[in-house]
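Novice: Input: one structure, supplied below.
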Amino acid sequence: MRIDMSHGSGGKASAELMKDIFAKHYSNDILNKMEDAAVLELHGRIACSTDSFVVTPVVFNGGDIGKLSVCGTVNDLLMMGAEPKYMTAAFILEEGLEMSLLDQIVSSMAKTADEAGVKIISGDTKVVEGKGGLYINTTGIGLIPAGREISAGNCSESDVVLLSGNLGDHHACILSARMGIKNDIKSDCACLNRLVNSLLENNIGIKAMRDITRGGLGTVLNEIADASKCGIEMIEDALPVHPEVRGFSDILGLDPLYMGNEGKMIAVVEAEDAEKALALMKQNEDGKDAAIIARVICGKGVVMRTRLGGSRVVDVLYGEGLPRIC
Ligand code: MG
């Protein structure tokens, strides 16, 4: 059975779609009230982030658009030191979409939200003409505990930058699928709750965190250098890249520095906490390939110390990159 225009009509077919797929997977005390709006009891500082997901293919090695739409928003909340609590989910479905595929994606989304401790509390579905595609928007809400100040603008000279693992996995996975290239490259799509919590619970002096998505590490480090009005010096030899992703990107002339991930982050920490933070990351499945990759210096912009002892400027990603990676 496929989605058709009647599923967006607001009538009987819409109600069935709601009951048979969305309500079935997302059931929780707030959503189940089915009021016009979810009512939340929140106290304190609130972090809010929204993101739209348009990746193709919608199912890929290591995940799908449903899992991705939760991880992307949860990770953005986590990067501010927030505890992710609630999420909304809006779907734009193209007519012709296979109902069983939608069910699979919604189920994967519900499972990922559950694992991340997030309740899906409000949603929407629209149906448009098209070729069976599907787009998801999620908005997440999290609470920032009192006294926690994590921001891209907090970094200062001598701070150390840790990267939680291999660069480029998600980008290389999606590009492989799009180009019909068979390989074992798996997306790193993951919610980073455990990784972030282990740093916070062990009182690591975290100045800033960012997940590495579109634009890649090179772009993220430039954003941090700009926000903190300081420079960042990278060590080329320290950058972890999976051998298969390295080989794939070499063939296509891609630089893993600008390739997106969906389950990797950087943490900028005080120098005296760097080794402890690295050890904590490595204990975690999502951080087992973590490395210290850079330090904050006086100056501006990002420079790379190369293997040959020279240095070069690392700029932000210009131009297109790979569209529809997330
Ligand atoms: Mg982000």
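The values are calculated or read from the model by the stated rules, or taken from the named source; none is laboratory data. Remember, predicted model here, so these are calculated numbers, not experimental data. As a convention, Cβ positions derive from the backbone with ideal geometry for all residues, glycine included, and neighbour counts pool all protein chains shown. For accessibility, only protein heavy atoms count, side chains too; no ligands or nucleic acids. Shrake-Rupley method; radii C 1.70, N 1.55, O 1.52, S 1.80 Å.
Novice: Relative to the present Cα-Cα distance, how much length would full extension add between residue 13 and residue 194 at 0.36 nm per residue of separation?
Specialist: Full extension of this stretch gives 61.2 nm more.
Novice: Then there is this: What is the helix-to-structure angle for 216-228, meaning the angle in degrees between its Cα long axis and the longest Cα principal axis of the chain, kept from 0 to 90 and rounded to the nearest 10?
Specialist: Approximately 70 degrees, to the nearest 10.
Novice: Once you place label points 7 Å from the Cα toward the Cβ at residue 20 and residue 52, how far apart are they in nm?
Specialist: 2.8
Novice: About the Cα centre of the chain, what is the dipole size in debye to 20, counting +1 per Lys and Arg Cβ and -1 per Asp and Glu Cβ, all else neutral?
Specialist: Here the size comes out at about 140 debye.
Novice: If one computes the Cα centroid of the range 172-199 and of the range 45-70, what distance in Å separates the two points?
Specialist: Using only Cα atoms to place each centre, the spacing works out to 12 Å.
Novice: Over the chain, with every protein chain in place, what whole percent of the accessible area is carbon and sulfur at 1.4 Å, could you tell me?
Specialist: Carbon and sulfur atoms account for 51 percent of the accessible area of the chain.
Novice: Calculate the spin-label point distance for residue 271 paired with residue 101, positioning each point 7 Å from the Cα along the beta-carbon direction, and give it in nanometres.
Specialist: The two pseudo-label positions are separated by 5.4 nm.
Novice: Let's see if you can work this out: charge +1 on each Lys and Arg Cβ, -1 on each Asp and Glu Cβ, no other charges. What is the dipole magnitude of the range 1-134 about its Cα centre, in debye to the nearest 20?
Specialist: For the range 1-134, the charge dipole is close to 120 debye.
Novice: Also, quick follow-up: Before I look further, what does the chain give for accessible area per residue, probe 1.4 Å, in whole square angstrom?
Specialist: Ligands and nucleic acids excluded, the figure is 46 Å² per residue.
Novice: Kindly count the pairs of lysines across the range 5-144 whose alpha carbons are less than 20 Å apart, treating pairs on different chains or eight or more residues apart as eligible.
Specialist: Number of lysine pairs found: 21.
Novice: Cα axis of helix 99-115 to longest principal axis of the chain: angle in degrees, 0 to 90, nearest 10?
Specialist: Tilt relative to the chain: about 50 degrees.
Novice: With an 8 Å cut-off on Cα pairs and a minimum separation of 6 or more residues, tell me the relative contact order of the chain in percent.
Specialist: Relative contact order here is 22 percent.
Novice: What nm value, rounded to one decimal, do you get for the distance between residue 59 and residue 5 when each label is placed 7 Å out toward the C-beta?
Specialist: Taking the simple label geometry, residue 59 and residue 5 are separated by 2.9 nm.
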